[in-house]
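Below is one structure, written out as structure tokens; the observations come after it.
The values are calculated or read from the model by the stated rules, or taken from the named source; none is laboratory data. Fair warning: this is a prediction, and the values are worked out from it, not measured in the lab. Note that we place each Cβ from the backbone using ideal geometry, even for glycine, and neighbour counts take in every protein chain shown. For accessibility, only protein heavy atoms count, side chains too; no ligands or nucleic acids. Shrake-Rupley method; radii C 1.70, N 1.55, O 1.52, S 1.80 Å.
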Amino acid sequence: MPETAGALDPAEELAAWLMEFSDLGFCLTLTRDRITEDVIRAYGIDPAQARLLPLDDFLEVDPGGTGADEGTVIRFGHSGVTAFSLEYIGTTGGQNPVLAHLCSHTETIALTATADGMTSVKHARDGVPLSSFEPDAPQETRSGPGPHTFAELLQRVIAERATDDEADRRTDLQDALRLVHDQYGDLPDPATLSGPLLTAYLPDAP
């Protein structure tokens, strides 16, 4: 499991931690002005079923013990005014109906990464997905009715990056997280993500 990093800005620290957390994929959602229990309910999970577990023990809620078969393990918490969810391997939080439930009467950012190297950012508000894009090419891959605020801002970051080298996956994630931190609010830090959090198992839909 990832260790807490040091001497990095919040986006660098979180990007490094997430890349260690799961190379099989993850989904991090950030929702404003929600309590943790509301985020749990958005997944169709009864908050009473969630267990407070540290990262080292989080797979205990999975009947199979792997977090990889026929469902996903999700951790839930709060950072500032932002409630978050973090899925191990799964990407349910970046899809409807969960995304629509999360952003009902508020807004949500969902960052997903899959085992095949695909990373995406989704922005939704008031129950409606507004913008989706891949952080390595936000202008070329953006979709949705907009506004595409985050995609446009990230495109400027990429254009201004003074390097001849192509950014790797970690850099793409880091750029996206830094933008979210600047424009949206607090990011969960690795110490919080590694510590005790409400944790639940979500089986795949039949």
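Picking from HIS78, HIS123, HIS105, which residue would you name as being part of a strand (DSSP E or B) and surrounded by fewer than 19 Cβ atoms within 10 Å (Cβ to Cβ)? Give the steps one after another, and end with the answer.
Values: HIS123 fails: surrounded by fewer than 19 Cβ atoms within 10 Å (Cβ to Cβ); HIS105 fails: part of a strand (DSSP E or B).
So the residue among HIS78, HIS123, HIS105 that is part of a strand (DSSP E or B) and surrounded by fewer than 19 Cβ atoms within 10 Å (Cβ to Cβ) is HIS78.
Is there a residue in region 36-59 that is of a type in the set (Gly, Ala, Ser) and open to solvent by 60 Å² or more (accessible area, probe 1.4 Å)?
If we filter region 36-59 for residues that are of a type in the set (Gly, Ala, Ser), which is where we start, we get 42, 44, 48, 50.
Imposing the further condition that a residue be open to solvent by 60 Å² or more (accessible area, probe 1.4 Å) reduces the set to 44, 48.
Within region 36-59, one or more residues are of a type in the set (Gly, Ala, Ser) and open to solvent by 60 Å² or more (accessible area, probe 1.4 Å).
Looking at GLU20, is it free of Cβ contacts under 8 Å to residues at least 24 places away in the same chain, assigned to a helix (DSSP H, G or I) and touching a Leu at 6+ places or on another chain (Cβ under 9 Å)?
No; evaluated as a whole, the condition is false for this residue.
Among the numbered criteria (1) open to solvent by less than 30 Å² (accessible area, probe 1.4 Å); (2) in contact with an Asp or Glu (Cβ under 8 Å, 6 or more places away or on another chain); (3) in a helix (DSSP H, G or I); (4) of a type outside the set (A, V, I, L, M, F, W, C), which one does GLN139 miss?
With respect to (1) open to solvent by less than 30 Å² (accessible area, probe 1.4 Å); (2) in contact with an Asp or Glu (Cβ under 8 Å, 6 or more places away or on another chain); (3) in a helix (DSSP H, G or I); (4) of a type outside the set (A, V, I, L, M, F, W, C), GLN139 is out only on (1).
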